[in-house]
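Taking it in order: structure first as structure tokens, then the write-up.
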Amino acid sequence: MLELRNLSKSYGSFQALKSVNLKIAPGQIHGLVGVNGSGKSTLLNILSGQRVIRDTGGFTGEFLFEDADRKFAGPGQALGAGIGMVHQEFALIPGLSVADNICLSNEKTFPWSRKLFGEELACINHQANRNTASAILGRMGIDLSPDLMAGHLSVAMKQFVELAREFNRDHLKLLLLDEPTAVLGTEDALRLMTAVKEIAAKGVAVLYVSHRLEEVVSCCDCMTVLRNGAVVDCIHTKQAGENQTGKNLIKTLSGLMVGKKVKKTRRSPVKRDGNKMIRLSSFSVEKPGDRLDGLDLDIYQGEILGVTSLSGHGRTALGAGVMGLFPAQGKVRLNGNPVRSLNPLQMIKRNIWMLPEDRRSEGLLLDHSIMENMTFAAIQARKKFVQKSVIPFVRFPDMKKCREYASDSRDALDIDCRSIFQKVGELSGGNQQKVCIANALSMAPDILFVNDPTRGIDIAAREFILSQLIRAQACHGMTLIISSGELDELKRICDRIAVLYQGRLFDVLSPDQSDKEYVLACSGIRPEAI
Amino acid sequence: MTSGKRVPLVFVLLSGLAFYYSGMSPAFVLNEVITRFIRDGVMVLALIIPITAGMGINFSIVVGALCAQAGLILAVDFGLGSLSGLLLMTLVGMALSVVSGLIIGICLNRVKNREMITTIIIGFLATSIYQLIFMVGYGTLITPTNQEMMLSRGIGIRNMVDLEMFRNVMDTLWLFKIGRIEIPLFMILMVCAFAVMIKYITMTRLGKKFQVVGESHEKALALGINVPRVRIKAIVASTLIACLGHLFYILNIGMLNVYTAHMNTDIFSCAALMAGGATVVKARVRHGLLGIFLFHSLFIVSPQAGQNIFGNPALGEYFRSFVAYGTIAFALILNARNQEAKTGSIR
Amino acid sequence: MKRFGVQIPQVFIIVFLVLMVVLALGFEIPMNWIISDALVRLVMNGVLVLSLVPMLKAGIGINFGLPVGIVAGLLGLCISVNLRMKGLWGLSAGMLFSVPVAILLGYGYGAILNRVKGKEEITATFVGFSFIPLMNFFWTIAPFSNPAMLWPIGGKGMRPVIGLKSYFAKALNHLWMVEVMGVKIPVGLLLFFALLCLLLFVFFRTNFGRAMTAVGENEQFARLAGVNVARVRTWAIILSTMIAALGICVYAQSYGFIELYDAPLMMAFPAASAILVGGSMGRHTHIAHVVIGTFLFQTTYLISGPIANEMMLPEVAEIFRLMITNAIILYALLYEGGKRHDVG
């Protein structure tokens, strides 16, 4: 039914997918696994016809669906062809009822109005839609009133409604599930898998993307492992089943996902149990798309703490929450003293700062010069590089000191630029991140939160940035909290690594532990459970 | 949700107070309100669809009004009376409003999140173009057939065009009286028919699409809805309804004030809708119907009340324009505050 | 030239201007009169246009609520006239009185606009619109006593148009007036404008001014650097309101009349159009945009009047002016929107 031949996709110079081959037959549940950044989302975007793909230059290779070559211009065409998708971030309309959501763009209408005014202006038959919705929900074993507003539902219920909407499509042939159980508890996940199996039994092909390996193993007929954009292996459960039990299969899979890594230079971790700089208890942050939900964590003075999780499980919300960029709840103690109000100015006064993960939209003034970016925060909040002046409002920055600092930092951080007056927007990602680091160093914080320091940066610059972070810790005695999805990097430079799962602390692991253990921890699985 | 009830309540109180001080007779006020209901009702309803589609208040309903006026002038120019004239002006007005609605829709698809300010400017610009055509174009580039409506210098149309041949074609249909209150039942039914029509549209598949697009562009796109096209449809529908609404308005008055009749229709209609409890993101037909009654009763009684309280009718006049603009400003502020993100602090 | 962003509006307005100058020469309208008047009109409207800059730079958008600032200035002028102050002193006093009023009104106006992030322009428009009838209330019952400002009959309530002839009309216009080759150059007026531009330029070099620019470019970055974003935005709005108040003072003395009631209602649109013609694009606004834009825009305004009169169609000038004003604003909205859409 679905066949991909040598499918490749690149964003600029970055190759996200490298000649992927994939085949799914009707009625088959096909698992797709891989770590962050292995190309799963790109593949799903191509299959579901998201506009991003076309806007970034399309893909190469063959995408055959029902024996026809496909190149979707928009999600509408994919839907028309019979490819439905359940999104990780919900595509439910909160202001519509459950029934309306399930029947969306597939509404039952009164025949008389259809004859009179045509398809578009046909009057919707609410009762019929409610009945359809109830029937589908009933089949899935969900007890839910179709009249409730979708916006008021719990996260788990939203996921089921989303699934129900796809089930309701008349000519659904291929169903794409993107992390369908990420937000569900074990019981709900089981129910969902039963429903998926049921629909597959009707001849619908399912592509099941999940981090939860046990689920993939238990419900999929066939599993494809992606690593760095390429297919590493394709395992058929039935064939494998003869010599491998489920648990062994999980181990095999996680081994395949991680692959063999080249060893790079690393900093040896130091155990610290001295002064607890920050103590967080039941700390919750309402960051949209990445929320923390009751985190308990201690951070020791002078350590480099790694924070990792799958995306959406709260790793970037920690720094942003402490800096007060998003509404937060819970207790924060700094050196034993409780902190009442969280806002950037307060935190800067207490020598805490953060480098945000999205440099371009939060970390830099792209239209301003390198020099201004490096000194802005220090001028504003620390009154560094400021001329003395008698008139209160009228204070000018000390251009000479700014220039000095900027040229020193440029040399120290090896920033590749025409001059320190060049606009930051014209620099490459790696150099931009160096400017951010110079900005952070000018603030001389005791505690620095760093979010995704190497996101979108080429390999050479990555190593350099990591070494600079280590230097900052060693020379200035900073406490660093680095949150990142790049496990390999964290393991090389951190003293401890906290793994978050669903916004809570799942475990604190040592950098020595194996990649497999990390992969399992990120998916919320205890090694003992296997 | 609460603002949906609070705003109408404030209007009830204000107009009640103003009515008390104005000393006008209830029958007079009621007659006036009924007239306003016929004149402005459809115009108010024209705003509902774009709000549902998440485009905010469509101030460019003025363009629809201008299309109606253009159709009317053409009918007068050709000297068509009665039914054939009515037919011509309706057809011309509708054709023009579909075309201009398409253009406005394409413009608005370029300015997501700034639709409202753009529609205001489009309204102003359209007014200038309209004035240029009828004040300068007529008599120079366009040769009129009916010389009576021209200014004596031969260029441009007079400020007032008399619509005698259309007067009382529709207004007096099924007119009956209860005491001193005149009820032109046919016209009231016409306005109600528009209300039912818009209600019906919200219940159709297209209406669902408007609603989905209004809730979130991204989600609508992900669900395979052609968002730009749906938005254009919303604006075309709105312009069309506005055009018909303005025809009702002019025909009811029986005179066309060529250069000023369309002025402020957008502001007053919008204020009326907001007075009925609608917000910038949510509007229902009932908000429109309620709003017309509340807003216009205040409008009718406030100058007299100003005269009686302060001894100066101008004060009542100022009060009512303040109410018109202020209601819209208030709705905008209130809506933004509901969406506002809270700042970080430990609770 | 790319720095000033030459766009279709500029090209259009320059072509239009050249065409009209040629026409003006054809109709034998005296050139020296045009140039002297153009210089006066540059400053007369330039200060009002300048008042848009702080809000644009702080990322709040075009200040369509300009009437708020204008009303503050009018109030200051009225106080000065009520005290029967004359000449430059009268004008300076008017400006001085209007500043505290502007700060007060700007603070309230800022509080409103800070609540409606992302929808500032439309809200500002309606705050400005609704402020006018509110002030009309005030003008009718204002406790002023100078009979020159009150209705001649009844002696209560302000006149819609107050003549300044015996107070400070043209006080600044005539300061250090120099005549070169038949062209009158109002040196004092130009110097005053230059001084204001310079002050604003210097302001954006201070720490606080830099913070304002940063808030306009990247609010989250500024917040993370410890900048109180709401406070900076409020000050940008107060500053805009203050300059607008000064702007109407300069305008009124140049015009020779104080216009009350509905007169300021639509004043924001020509000002917005002028700065857009100058090449301003959102927060990418320079003082040079103000000067170039106002000069081009106001000169077109100026010449179109007599030309239309010569062509026996006096209304055409006004229609054309309005059309150009709004077409330019619409173009700017569409162009910026289109650009943003491509990125997103």
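Structure values in brief
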| quantity | calculated |
| --- | --- |
| Selection within the stretch A:327-339 - under 21 Å from A:PRO445 (Cα atoms) and either of a type in the set (S, T, N, Q) or touching a helix residue (DSSP H, G or I) at 6+ places or on another chain (Cβ under 7 Å) (or both) | A:VAL332, A:ASN335, A:ASN337 |
| The one condition in (1) within 24 Å of A:ALA78 (Cβ to Cβ); (2) open to solvent by 20 Å² or more (accessible area, probe 1.4 Å) that A:THR237 fails to fulfil | (1) |
| Scope the stretch B:173-208; condition open to solvent by 60 Å² or more (accessible area, probe 1.4 Å) and within 14 Å of chain A (Cβ to nearest Cβ); matching residues | B:VAL196, B:MET197, B:LYS199, B:MET203 |
| Selection count, the stretch B:109-152, where residues are closer than 18 Å to C:PRO270 by Cβ, without any contact (Cβ under 8 Å) to a residue 40 or more places away in the chain and more than 7 Å from every other protein chain (Cβ to nearest Cβ) | 0 |
| Condition met for C:LEU113 (farther than 24 Å from C:ASN228 by Cβ and at pLDDT below 95) | no |
| Counted residues, the stretch A:47-84 - those being open to solvent by 80 Å² or more (accessible area, probe 1.4 Å) and either assigned to a strand (DSSP E or B) or touching a His at 6+ places or on another chain (Cβ under 9 Å) (or both) | 2 |
| Helices (runs of 4 or more DSSP H) contained entirely in the stretch C:122-238, each with at least 2 residues that are closer than 23 Å to C:ALA252 by Cβ and free of Cβ contacts under 8 Å to residues at least 40 places away in the same chain | C:187-203 |
| Options A:ASN168, A:ASN131: the member that is of a type in the set (S, T, N, Q) and within 13 Å of another protein chain (Cβ to nearest Cβ) | A:ASN168 |
| Output for the stretch A:102-113, where each listed residue is in a helix (DSSP H, G or I) and open to solvent by less than 90 Å² (accessible area, probe 1.4 Å) | A:ILE102, A:PRO111, A:SER113 |
| Candidates A:VAL339, A:VAL386, A:VAL322 - the one that is crowded, with 17+ Cβ neighbours inside 10 Å, more than 30 Å from C:GLY282 (Cβ to Cβ), at pLDDT below 90 and β-branched (Val, Ile, Thr) | A:VAL339 |
| Selection from the stretch B:266-292 of residues that are among the β-branched types (Val, Ile, Thr) and modelled with pLDDT of 90 or more | B:ILE267, B:VAL285, B:ILE292 |
| Identity of the residue in the stretch C:177-207, within 24 Å of C:VAL291 (Cβ to Cβ) and within 7 Å of chain A (Cβ to nearest Cβ), that ends up least open to solvent (accessible area, probe 1.4 Å) | C:THR206 |
| Filter result for the condition that a residue is part of a loop (DSSP other than H, G, I, E, B) and either of a type in the set (Asp, Glu) or at pLDDT below 85 (or both), over A:GLN159, A:GLN88 | A:GLN88 |
| Hits in the stretch B:209-231 (condition: surrounded by 21 or more Cβ atoms within 10 Å (Cβ to Cβ) and over 27 Å from A:LEU175 (Cβ atoms)) | B:PHE210, B:GLY214, B:ARG231 |
| A:GLY39 buried (at least 21 other Cβ atoms within 10 Å of the Cβ) and in contact with a Gly (Cβ under 9 Å, 6 or more places away or on another chain) | yes |
| Some residue of the stretch A:105-116 being over 21 Å from A:MET140 (Cα atoms), of a type in the set (A, V, I, L, M) and at pLDDT 85 or above | no |
| Options B:VAL76, B:VAL111, B:VAL99, B:VAL92; residue that is surrounded by fewer than 19 Cβ atoms within 10 Å (Cβ to Cβ) and either under 22 Å from the mean Cα position of the chain (by Cα) or modelled with pLDDT under 90 (or both) | B:VAL99 |
| C:LEU77 vs. criteria within 21 Å of the chain's Cα centre (by Cα) and surrounded by fewer than 18 Cβ atoms within 10 Å (Cβ to Cβ) | no |
| Per-region count, the stretch A:510-530, residues open to solvent by 30 Å² or more (accessible area, probe 1.4 Å) and of a type in the set (A, V, I, L, M, F, W, C) | 2 |
| Hits in the stretch A:77-95 (condition: at the interface with chain B (Cβ under 7 Å from one of its Cβ atoms) and among the hydrophobic types (A, V, I, L, M, F, W, C)) | A:LEU79, A:ALA91, A:ILE93 |
| Residue match in the stretch C:320-338 (condition: touching a strand residue (DSSP E or B) at 6+ places or on another chain (Cβ under 7 Å), open to solvent by 40 Å² or more (accessible area, probe 1.4 Å) and of a type outside the set (A, V, I, L, M, F, W, C)) | no |
| Any hit, the stretch C:261-279, residues being open to solvent by 20 Å² or more (accessible area, probe 1.4 Å), of a type outside the set (A, V, I, L, M, F, W, C), part of a helix (DSSP H, G or I) and within 14 Å of chain B (Cβ to nearest Cβ) | yes |
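Yes/no matrix, rows are residues, columns are (1) at pLDDT 90 or above; (2) within 18 Å of the chain's Cα centre (by Cα); (3) more than 30 Å from A:GLY82 (Cβ to Cβ); (4) not aliphatic (A, V, I, L, M):
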| position | (1), (2), (3), (4) |
| --- | --- |
| B:LEU206 | yes, no, no, no |
| B:ALA220 | no, no, no, no |
| B:LEU251 | no, yes, yes, no |
| B:LEU256 | no, yes, yes, no |
| B:ASN264 | no, yes, yes, yes |
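Residues checked against (1) surrounded by 24 or more Cβ atoms within 10 Å (Cβ to Cβ); (2) away from every other protein chain (no Cβ under 14 Å):
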{"site": "B:ASN252", "(1), (2)": "no, yes"}
{"site": "B:SER269", "(1), (2)": "yes, yes"}
{"site": "B:MET274", "(1), (2)": "yes, no"}
{"site": "B:THR279", "(1), (2)": "no, no"}
{"site": "B:LYS282", "(1), (2)": "no, no"}
{"site": "B:HIS287", "(1), (2)": "yes, yes"}
{"site": "B:GLN307", "(1), (2)": "no, no"}
{"site": "B:ALA314", "(1), (2)": "no, no"}
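The values are calculated or read from the model by the stated rules, or taken from the named source; none is laboratory data. None of these values were measured; they are calculated from a predicted model. Methodologically, a virtual Cβ is constructed for each residue, glycine included, from the backbone with ideal geometry; neighbour enumeration extends over all protein chains shown. Remember, those area values only see protein heavy atoms, side chains included, never the ligands or the DNA or RNA. Shrake-Rupley method; radii C 1.70, N 1.55, O 1.52, S 1.80 Å.
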